[in-house]
Amino acid sequence: MKRHSVSLLFAISLLLGACSERARDPEPAAVATPTVVDTGGSAKGDFGPPQGEPINAVLTSPPNVPPATGRKAPAKVIVTLEVIEKELPIAEGTTYTFWTFGGTVPGSFIRVRQGDTVEFHLNNHPDSKMPHNIDLHGVTGPGGGAASSFTAPGHSSQFTFKALNQGLFVYHCATAPVGMHVANGMYGLILVEPPEGMPPVDKEFYVMQGDFYTVGKFREKGLQAFDMQKAIDENATYVLFNGSENALTGDNAIKASVGDSVRLYVGNGGPNLVSSFHLIGEIFDKVWYEGGTRYQENVQTTLVPAGGAMIADFRLEVPGSYVLVDHSIFRAFNKGALGILKVDGPENKDIYSGKEVDSAYLGDKAGSMAAVAEAAQSKAAGTLTPEQQSKAGQALYAGTCSVCHQDNGAGLAGVFPPLAKSDYLTARSNQELIAVVLNGLTGPVKVNGQDYNSVMPPMSQLTDDEIANILTYVHTSWGNTGAAVSKEEVTAVRASTTRAEGAAH
Amino acid sequence: MRTPLIAMLAMAPALGFAAEGAWVTLPGEPEFATVLAYEDSQSRVAIAPFELMTRPVTNADFLGFVTRHPDWRRGSAAPVFVSGEYLAHWSGPLSLGAAALPEQPATQISWFAASAYCEALGARLPTWSEWEYAAAADATRADARQDPAWRETILAWYSKPSGEALALAGSGAADVHGIRDLHGLVWEWVDDYAAMLVSADNRDQGDADLLKFCGAGALSTNDRENYAVLMRIAMLSALEAVDSTRNLGFRCARGLSRAKDPS
Amino acid sequence: MKSFIVSVCLLAFFAHTPIFASEALPADSIYQLQASFQDQQDRSFQLAERRGRPQLVAMFYTSCKYVCPLIIDSVKGVEHGLTAAEREGLDFLLVSIDPARDDVAALASVAKKRKLDAHWTLARTDERAVRKLAALLGVRYRALEDGEFNHTSTLYLLDAQGRKLTSSSKLGTVPDPEFVAKVRAALN
């Protein structure tokens, strides 16, 4: 209460200052600088026994958020969460056995109010292999509930806690080995609303970052197993929002309209990596950093600790596609930490005159990967044709090779050699060209009579079939004549040449 | 007229015994390095030679047992000894049905029922140490635990979703002792599952809540990288004797151990 | 007819688990466990013989230094919280988890030292039955290298038919009031 009236006075004093004709005082005279009043933490968080009938909490799957509780008094809230171990896609053509709360990664979003008494039921599905428990960072008590919720498959546990502190908190499984349970997707968010509720906004979304460790490489097809050594080495294969490379892209993009006020509840399950969370094209008007009570204003990129969270508010003025990224930027483009917020509505040239950000940033992400998926299927069935390879290669070429060599293969005169009708290409075998793509090329070269002396970085993060498809596309485009390149040829070259220091496998 | 009937009835148990799987003798080890870090044991346990079944007990084996022992049939067994899920996947108390193939490992069996089965054979459940010692083996070595490849193979089982049907008992590759399916098929009961004095929150390793476990802290582990064993410990410590799960079976052991045979 | 009886007897003979008369004993009673116990006066008994009165049950061993003396204190604490009439209707059963070393003499010695009256039974049984009883109650224990044991220490309240009513892990001479309330409810 006190905090409200203080901020109200402060706001009024600013308004008075602004409306005045005379030059404004740098400091409002009406009210002294408000003393920062703290919420009192857990000591002041107990609002007494629950009132009224017990309420069954509304839980939502990501990216949705339950509606505001709207409560004014503490209540008894019953939360029932089920643990299910299930195989889900982690990337196009790649699946992983996730261990989930509520069937999704991240798990269901729980929303209660400070002072609520939460009766928590954890059910472990009978098909589960493992026992599981839950540690909610919003619980005051041993293990955050983990000590009281250890549940064997086919069993259910119950414990009760009072939410003494407001904030946005992570919850996760804490069964040994804890890192493995978290790495398999066992985390989510619980929002403990401040007593007066969160300020209303038009749209709220639930995003949670996580790092994943698989035995196979990034985007290697098929069911992938967890790789404990990579997890210990903190060498992530995937860094993803909401458990899948396509969770927030394409048809799954989150949507809003010009004029909307939007709030993102953003968590980071880890297990290892800290997130540098950024929304390309927008500035966060408010960031409740670390999911706490105070907010910072006008923030571009904010840190979300592993096992932590934050809340960001912003308003949309211009339509287009806005890209959620971890600004440790290789994670966005090479490990999948990328999502889309699609905003519709009228243009506002005063604010932004240019085109949509799509192609420059997204490259092969927004474009249809259907051709790549089809090629993967045909490869597995043994029916892959050069046409399919070329189509897939085209989708992969865009955004990776096209950045330097251009969409039409023309390159940049004097800087990047052309690929169209290139004598360099026709003079070389498949093996030599594969080696260039895998290991890069530096030093002077002559292509079509012109000298070039630039650096082509190694592209060994591309998989064998991706390189085969891209080279097939290059060989069959822009008037080039050349044979299709097979995955087996790439595998052989990769095995027989060494990679530079720091390059991917 | 009645004599053959009596003769058949008298032979029935013998016929039933013949259906059990084979046994192998394991040599044991005087100072086996266990992953369990109890204060008293210096992480070494003495394992005397003992016999172990080469594969888990199957549905067919267990059907024979309940045929001979009506007290252990589903519906007749006392609820203090079995839970509501006991043999729930069988089509009837004395029939297996499509969801319980005869050669699949028997699951949904409580510790009491598993103990009774083994006792009926003059055997017992293996102890945790015996299980850990046997499970350290791979195809060529008695102790393969330092080999990352061994660990990866075991971890891969946990990556497989659990909805698939169980493989047949004994279908896994034999290890150096000739034993199959200690990994990769089902969890298995041990006699002293209750000796896993694990805190429900495994992050409390070494936090000595002395009164709770009378003189000991909760269990700590030495080899944090041996996830196969860690997860087995987590699983056993989550269970009570009356529980059963779809992924938990058992096999029997015979011979001297630190827990003595039935007297 | 005679052959029929003979064949039934043969079946019963070959069945390794004796078919006990369980009609009167409830299916969820711990007394379903069939095992022979000896008390501190060398009398043998089956658990089912303790039907008729509620029991406070715990597991201990006589050479235990840390908690087991507290267990006896805790049970006595509950005892003192009862009226004389209530005390008449309640028995105490402590079962040793160390039957190898806790012979009848050891049990008798403890009973004498702590001045335990006729309501107290200190008992031992074979190791397999100890494990099963512990499993039924929910007691976890482990033998140490030096012969000591680590074990959970909880008092269990059974009703007159041997069914678990409640338990308390709070040890000490001042018992958990909620637990005492439940004990009194069982007696009245």
Report summary line: A careful count of residues in segment C:32-59 that are farther than 17 Å from C:LEU158 by Cα, of a type in the set (A, V, I, L, M, F, W, C) and crowded, with 18+ Cβ neighbours inside 10 Å gives 1
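Looking only at segment C:137-165, which residues are part of a strand (DSSP E or B) and closer than 17 Å to C:SER29 by Cβ? Walk me through how you get there before you give the answer.
Taking segment C:137-165 and keeping what is part of a strand (DSSP E or B), we get C:141-143, C:149-151, C:155-158, C:164-165.
Answer for segment C:137-165, where residues must be part of a strand (DSSP E or B) and closer than 17 Å to C:SER29 by Cβ: C:TYR156, C:LEU157, C:LEU158, C:LYS164, C:LEU165.
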Query raised in the report: Just a yes or no: is a residue in segment A:421-431 assigned to a helix (DSSP H, G or I), of a type in the set (Asp, Glu) and either within 26 Å of A:ALA495 (Cβ to Cβ) or at pLDDT below 90 (or both)?
Result: no
Query - Qualifying helices (runs of 4 or more DSSP H) (wholly inside segment B:67-177; at least 3 residues being of a type in the set (Phe, Trp, Tyr), more than 14 Å from chain A (Cβ to nearest Cβ) and in contact with an Asp or Glu (Cβ under 9 Å, 6 or more places away or on another chain)) - result: B:128-135
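Would you confirm whether or not segment B:30-40 contains a residue that is more than 17 Å from B:ALA137 (Cα to Cα) and either modelled with pLDDT of 90 or more or touching an Asp or Glu at 6+ places or on another chain (Cβ under 6 Å) (or both)? Explain how you work it out, then say what you get.
Within segment B:30-40, the first condition is being more than 17 Å from B:ALA137 (Cα to Cα), and the residues that meet it are B:36-40.
The next check asks that each one be either modelled with pLDDT of 90 or more or touching an Asp or Glu at 6+ places or on another chain (Cβ under 6 Å) (or both); those that pass are B:40.
Yes, segment B:30-40 has at least one match.
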Report summary line: Scanning segment A:118-132 residue by residue, the ones that are more than 7 Å from chain B (Cβ to nearest Cβ) and surrounded by 21 or more Cβ atoms within 10 Å (Cβ to Cβ) total 5
Report task. Determine if segment C:107-120 includes at least one residue that is within 13 Å of the chain's Cα centre (by Cα) and crowded, with 16+ Cβ neighbours inside 10 Å. Result -> yes
Report task. Taking only segment A:221-248 into account, find how many residues are more than 18 Å from A:PHE330 (Cβ to Cβ) and part of a loop (DSSP other than H, G, I, E, B). Result -> 9
Query raised in the report: Across segment A:133-156, what is the total count of residues that are within 11 Å of another protein chain (Cβ to nearest Cβ), outside any loop (DSSP other than H, G, I, E, B) and surrounded by fewer than 21 Cβ atoms within 10 Å (Cβ to Cβ)?
Result: 2
Query raised in the report: Out of segment A:249-274, which residues are part of a strand (DSSP E or B), in contact with a Pro (Cβ under 8 Å, 6 or more places away or on another chain) and within 14 Å of A:ARG331 (Cβ to Cβ)?
Result: A:ASN268
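Please go through segment A:451-494 and give me each residue that is of a type in the set (Gly, Ala, Ser), in a helix (DSSP H, G or I) and buried (at least 18 other Cβ atoms within 10 Å of the Cβ), ordered by number. Spell out the reasoning first.
Restricting attention to segment A:451-494, the residues satisfying the condition of being of a type in the set (Gly, Ala, Ser) are A:454, A:460, A:468, A:477, A:479, A:482-484, A:486, A:492.
With in a helix (DSSP H, G or I) added as a condition, the list becomes A:468, A:492.
Within segment A:451-494, A:ALA468 is the sole residue that qualifies.
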**Report entry** Check on A:THR160, within 14 Å of another protein chain (Cβ to nearest Cβ) and either part of a strand (DSSP E or B) or crowded, with 20+ Cβ neighbours inside 10 Å (or both)
**Finding:** no
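Out of everything in segment C:71-102 that is in a helix (DSSP H, G or I) and within 17 Å of the chain's Cα centre (by Cα), what residue ends up being nearest to the other protein chains (Cβ to nearest Cβ)? Lay out the reasoning, then the answer.
So the first thing to find is which residues in segment C:71-102 are in a helix (DSSP H, G or I), and the list is C:71-80, C:84-88.
From what is left, the residues that are within 17 Å of the chain's Cα centre (by Cα) are C:71-76, C:78-79.
Details: C:ILE71: 9, C:ILE72: 14, C:ASP73: 13, C:SER74: 11, C:VAL75: 16, C:LYS76: 18, C:VAL78: 17, C:GLU79: 21 Å.
Step by step, filter segment C:71-102, then rank; the result is C:ILE71.
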Query raised in the report: Could we say that A:PRO142 is in contact (Cβ under 8 Å) with a residue 24 or more places away in the chain, touching a Ser or Thr at 6+ places or on another chain (Cβ under 9 Å) and not acidic (Asp, Glu) here?
Result: no
**Report entry** Residue among C:ALA129, C:ALA134 that alone is at the interface with another protein chain (Cβ under 7 Å from one of its Cβ atoms) and either out of contact with any strand residue (DSSP E or B) (no Cβ under 8 Å at 6 or more places or on another chain) or part of a helix (DSSP H, G or I) (or both)
**Finding:** C:ALA134
**Report entry** In segment C:153-166, residue surrounded by the most Cβ atoms within 10 Å (Cβ to Cβ) [restricted to those that are at pLDDT 90 or above and under 20 Å from C:VAL67 (Cα atoms)]
**Finding:** C:LEU155
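Look through segment B:227-249, keep the residues that are more than 14 Å from chain C (Cβ to nearest Cβ) and of a type in the set (Ser, Thr, Tyr), and return whichever of them is nearest to B:VAL80 (Cα to Cα). Steps first, please.
Here is the first cut: in segment B:227-249, the residues more than 14 Å from chain C (Cβ to nearest Cβ) are B:227-232, B:234-235, B:245-249.
If we keep only those that are of a type in the set (Ser, Thr, Tyr) as well, we get B:227, B:245.
Values: B:TYR227: 33, B:THR245: 16 Å.
The extreme case among them is B:THR245.
May I ask you to list the residues in segment A:222-238 that are within 14 Å of chain B (Cβ to nearest Cβ) and either surrounded by 13 or more Cβ atoms within 10 Å (Cβ to Cβ) or charged (D, E, K, R) (or both)? First the steps, then the outcome.
Applying the first criterion (within 14 Å of chain B (Cβ to nearest Cβ)) to segment A:222-238 yields A:222-233, A:237.
Within segment A:222-238, A:LEU223, A:GLN224, A:ALA225, A:PHE226, A:ASP227, A:MET228, A:GLN229, A:LYS230, A:ALA231, A:ILE232, A:ASP233, A:THR237 qualify.
Take the residues in segment A:329-357 that are assigned to a loop (DSSP other than H, G, I, E, B) and in contact (Cβ under 8 Å) with a residue 60 or more places away in the chain, then tell me which one is surrounded by the most Cβ atoms within 10 Å (Cβ to Cβ). Before you say what the answer is, go through the steps one by one.
We begin by selecting, within segment A:329-357, every residue assigned to a loop (DSSP other than H, G, I, E, B); these are A:329, A:335-337, A:345-357.
Subset that is in contact (Cβ under 8 Å) with a residue 60 or more places away in the chain: A:335-337, A:345-346, A:348, A:357.
On the way: A:LYS335: 22, A:GLY336: 26, A:ALA337: 28, A:GLY345: 15, A:PRO346: 9, A:ASN348: 13, A:VAL357: 15.
If we take residues in segment A:329-357 being assigned to a loop (DSSP other than H, G, I, E, B) and in contact (Cβ under 8 Å) with a residue 60 or more places away in the chain, then A:ALA337 is surrounded by the most Cβ atoms within 10 Å (Cβ to Cβ).
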Requested in this report: Check A:ALA468, A:ALA500, A:ALA504 and return the single one that is closer than 18 Å to A:GLY216 by Cα and either modelled with pLDDT of 90 or more or not acidic (Asp, Glu) (or both).
Outcome: A:ALA504
Query raised in the report: Pick from A:PRO200, A:PRO195: which is assigned to a loop (DSSP other than H, G, I, E, B), away from chain B (no Cβ under 14 Å) and within 25 Å of the chain's Cα centre (by Cα)?
Result: A:PRO200
Query - Enumeration of residues in segment A:69-84 that are β-branched (Val, Ile, Thr), surrounded by 17 or more Cβ atoms within 10 Å (Cβ to Cβ) and either touching a helix residue (DSSP H, G or I) at 6+ places or on another chain (Cβ under 6 Å) or under 15 Å from A:ARG111 (Cβ atoms) (or both) - result: A:THR69, A:VAL77, A:VAL79
**Report entry** The lone exception for C:ALA185 - which of (1) of a type in the set (A, V, I, L, M, F, W, C); (2) surrounded by fewer than 20 Cβ atoms within 10 Å (Cβ to Cβ); (3) touching a residue at least 24 places away in the same chain (Cβ under 8 Å); (4) not in a loop (DSSP other than H, G, I, E, B) it fails
**Finding:** (3)
Query raised in the report: Only one of these conditions is not met by C:GLY147: (1) over 15 Å from C:LEU56 (Cα atoms); (2) crowded, with 20+ Cβ neighbours inside 10 Å. Which number is it?
Result: (2)
Query - Residue, nearest to A:ALA174 (Cα to Cα), within segment A:301-328, restricted to residues that are hydrophobic (A, V, I, L, M, F, W, C) and outside any strand (DSSP E or B) - result: A:ALA306
Query raised in the report: Restricted to segment A:85-103, and to residues that are in contact with a helix residue (DSSP H, G or I) (Cβ under 6 Å, 6 or more places away or on another chain) and more than 14 Å from chain B (Cβ to nearest Cβ), which residue is farthest from A:ASP211 (Cα to Cα)?
Result: A:GLY93
Report summary line: Matching residues in segment A:333-349 (touching a helix residue (DSSP H, G or I) at 6+ places or on another chain (Cβ under 9 Å) and of a type in the set (Gly, Ala, Ser)) number 2
Query - Scope segment A:455-469; condition under 15 Å from A:SER429 (Cα atoms) and in contact (Cβ under 8 Å) with a residue 60 or more places away in the chain; matching residues - result: A:ALA468
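The values are calculated or read from the model by the stated rules, or taken from the named source; none is laboratory data. Quick caveat, the model's predicted, so the values are computed rather than measured. FYI the Cβ positions are ideal-geometry reconstructions off the backbone, even for glycines, and counts take in every protein chain you see.
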